[in-house]
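For reference, the structure discussed in these notes is given below.
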Amino acid sequence: MPTPDHRRSERRRDFGARVRALRKPLGLSQEQLGQVAGLDRTYIGSVERGERNISLDNIWVLADALGVHPSELF
């Protein structure tokens, strides 16, 4: 059975993959998404790699920048 830490890490990777899947068809680089969202490119990259436990505020910021409802990121 997966440990709680493993499940959290997996959820972050899944979230990041979803951000990437929504970003790519828009033709946005990580840097461009960061500019639209007001977040640093390195932050976007770390979110997409599942390295960040992203805040609720930044979930909304990314959703707005991608033109989706936050629920579409999950």
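Bear in mind that the values in this text are calculations on the coordinates, not laboratory data. Fair warning: this is a prediction, and the values are worked out from it, not measured in the lab. No Cβ is skipped: glycine too gets one built from the backbone with ideal geometry, and neighbour counts run over all protein chains shown.
For a quick check of your reading of the model, give me the residue pairs whose first member lies in segment 1-18 and is at positive phi, whose second is in a helix (DSSP H, G or I), with beta-carbon atoms closer than 8 Å and at least 6 apart or on different chains.
none
Can you tell me which residues in segment 41-50 are within 10 Å of the chain's Cα centre (by Cα) and either surrounded by 14 or more Cβ atoms within 10 Å (Cβ to Cβ) or hydrophobic (A, V, I, L, M, F, W, C) (or both)?
In the first step, residues of segment 41-50 are kept if they are within 10 Å of the chain's Cα centre (by Cα); the result is 43-50.
Across segment 41-50, the qualifying residues are Y43, I44, G45, S46, V47, E48, G50.
Kindly provide the set of residues from segment 52-74 that are touching a Lys or Arg at 6+ places or on another chain (Cβ under 9 Å) and loosely packed, with under 14 Cβ neighbours inside 10 Å, ordered by number.
Matches in segment 52-74: N53, E72, F74.
Find the residue count for segment 4-20, including only residues that are more than 16 Å from D64 (Cα to Cα) and of a type in the set (G, A, S). So that I can check it myself, show each step before the final result.
The first filter runs over segment 4-20 and keeps only residues more than 16 Å from D64 (Cα to Cα), leaving 4-14, 17.
If we keep only those that are of a type in the set (G, A, S) as well, we get 9, 17.
Summing the residues that are more than 16 Å from D64 (Cα to Cα) and of a type in the set (G, A, S) in segment 4-20 gives 2.
Would a scan of segment 24-40 turn up a residue that is assigned to a helix (DSSP H, G or I), within 12 Å of the chain's Cα centre (by Cα), of a type in the set (V, I, T) and surrounded by 15 or more Cβ atoms within 10 Å (Cβ to Cβ)?
no
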